[in-house]
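Everything on this sheet refers to the single structure shown next.
The values are calculated or read from the model by the stated rules, or taken from the named source; none is laboratory data. Just so we're clear, the structure is a prediction, and the values are computed from it rather than from any experiment. All Cβ positions, glycine included, derive from the backbone under ideal geometry; neighbour counts span all protein chains shown. Quick note on the areas: whole protein, heavy atoms, side chains included, nothing else; ligands and nucleic acids left out. Shrake-Rupley method; radii C 1.70, N 1.55, O 1.52, S 1.80 Å.
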Amino acid sequence: MANVLVIGSGAREHAIAATFTRSPQVENVYCVPGNPGMKKDGIQIANIGETDFKKLGDFALSREVDLVFVGPEVPLAMGAVDTLTKRGLRVFGPGQASACLESDKTFAKRFMKRNGIPTAAFGTFSDYDDAVAYADKMALPLVVKENGLAAGKGVTIVTERADVNPLIKNELEKSGEVVIEEYLKGEEFSLMLFVGGDKRVILPISQDHKKIHEGETGPNTGGMGAYSPVPHITDAVLQETIKTVVDPTMKGLANEGLEFAGVIYVGCMLTDDGIKVIEYNVRLGDPETQVLLPQLTSDFYQNVSDLIDHKLPKMTWQTEDYYLGVVIAAPGYPQAPQQEIPLPDLPANVFYAGVTSENQKLFSKGGRIFTIVDHAATLQAAQDKVYAELAQIDLSDFYYRKDIGFRDLQKSRV
């Protein structure tokens, strides 16, 4: 029987670890640092920081861990996979060089350009005057991104000319480099791949809801909900995305010596001019993971093991239902979330994120607190089911969006 270690502490890592517990080959699943809400699924947690690679390696070796799955972007960007692999551990995730596809937006955009992958016109700048001069020539709205990891919140769409220069100045002060892009209009969707060298498996399509308020308004967050599959992303759209994005991405990784065993997340935009890539991530999305992994019907441990060995796994997925997840956040999120709010009793279909415990009682600790997931034969039924369940829980001290899945449901009513 195998032992698995998942690195991370959020609802994404809860979903990953819970999926490993379903494998008949797995005896123990550890998640570090994890969170106390994970214990309900038999996941063992330990208070080790996700970037304390020495202690993580010591822990994994002492527990005779057979497989390590790195969940979040920060340890990946800091070289967790390289460090742990050198200690003889089997690790699922990109090395530090490949992780630059997410951690360095300039690197990612230039990778796309080199490999003919369609994306928005862009410029990258470390000089304020040069950045302003470039932005002045662009039509509004335009997109300004700080270069680096920003937990999904480092992107600003600017609609007023007076806001451009102060924003550029602020982003340069934070990261030293800023990416300025043309604004793409269309439908976003998340395409994720499990990869192992030149082998790849495409996960069901999902759609995230990044803005804090209904109708995709307000500031960006780490994600307020997701659903899968996405009806308006047809098989024809998927095949076009594979041809214009996935195939050249895989070829580019091979040509540039960046192949790895792990995850490639492609943030896509379906525009009037075809598919455009918004960004790459090199880890599973959150909250998309919470609606994707429950759909897996094959042995996750075997699947990931095969990919680490650069073998094509036999991954199978349910095809009957729609899965929809709603993120419950602390009031004040994303700017200044309130802390230490006691959680009510919650059902089993919850993946925990920002929680702590005291006297066997859970309290909020962070911005996004948990994700609740339901499924049903139609998207409308899945939405109705999850919101009916939420209505039965006293969440008056928390906040959540009331319209997850709205894009496809609006289309179905037209």
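Over segment 178-303, what lengths in whole Å, largest first, do the semi-axes of the equivalent ellipsoid take, defined as the square roots of 5 times the eigenvalues of the alpha-carbon gyration tensor?
Its equivalent ellipsoid spans semi-axes of 23, 19, 15 Å.
Name the residues whose placed amide hydrogens come within less than 5 Å of the amide hydrogen of LEU362, ignoring near sequence neighbours (fewer than 5 apart) on the same chain.
LEU343
Identify all aspartates and glutamates with a Cα-Cα distance to LYS210 below 18 Å; exclude those on the same chain that are fewer than 8 residues away in sequence.
GLU73, GLU102, GLU146, GLU187, GLU188, GLU279, ASP286, GLU288, ASP403, ASP408
Karplus couplings for segment 82-87 from phi (6.51 cos²θ - 1.76 cosθ + 1.60, θ = phi - 60°), rounded to Hz, Gly and Pro as x?
Couplings: 4, 5, 6, 5, 4, 8 Hz.
For the chain, report the translational diffusion coefficient in µm²/s to the nearest whole number, using Stokes-Einstein at 25 °C, 0.890 mPa s, and a Kirkwood Rh over Cα pairs.
It comes out at roughly 112 µm²/s.
Compute, for segment 282-392, the length of the dipole vector about the Cα centre, with Cβ point charges of +1 (Lys, Arg) and -1 (Asp, Glu) only. Units Debye, rounded to 20.
260
Have a look at ASN303, ASN359, GLN383 and report the one farthest towards the positive end of the charge dipole of the chain, computed about the Cα centre with Cβ charges (Lys/Arg +1, Asp/Glu -1).
The listed residue farthest towards the positive side: ASN303.
Could you list, bin by bin from short to long, the percent of Cα-Cα pairs of segment 256-414 in 10 Å steps?
Histogram of Cα-Cα distances, whole percents per bin: 9, 28, 33, 24, 6, 0.
Output the pairs from LYS174/LYS211; LYS39/LYS105; LYS314/LYS402 with a Cα-Cα distance over 27 Å in this structure; if there are none, say none.
LYS39/LYS105; LYS314/LYS402
Once the Cα gyration tensor of segment 322-412 is diagonalised, what are the square roots of 5 times its eigenvalues, in whole Å and ordered largest first, as equivalent ellipsoid semi-axes?
Square roots of five times the eigenvalues give 25, 15, 10 Å.
Could you rank the peptides 61-71, 376-386 by their average count of other C-beta atoms within 10 Å per residue, with the highest value first?
Going from most to least packed, we get 61-71, 376-386.
Two-decimal Rg/Rh of segment 2-97 from alpha-carbon positions, Kirkwood Rh?
Over the Cα atoms of segment 2-97, Rg/Rh equals 0.93.
Please state, as a whole number in µm²/s, the translational diffusion coefficient that the Stokes-Einstein equation yields for segment 122-182 at 37 °C and 0.692 mPa s, with Rh defined as the Kirkwood radius across alpha carbon pairs.
294
Sort the following peptides by mean Cβ neighbour count (other Cβ atoms within 10 Å, averaged over residues), highest first: 269-279, 34-44.
34-44, 269-279
As a check on your grasp of the helix formula, calculate [θ] at 222 nm for the chain: sum -39500 (n - 2.57) over DSSP H runs of n ≥ 4, divide by the residue count, round to the nearest 500.
-8500 deg cm²/dmol
What size of dipole, in debye to the nearest 20, comes out for the chain about its Cα centre when the only charges are +1 on Lys and Arg C-beta atoms and -1 on Asp and Glu C-beta atoms?
With Lys and Arg at +1 and Asp and Glu at -1, about 440 debye.
When the solvent-accessible surface of protein heavy atoms is calculated with a 1.4 angstrom probe, in what order do GLU389, GLU146, GLU188 fall, highest first?
Order by accessible area, largest first: GLU188, GLU389, GLU146.
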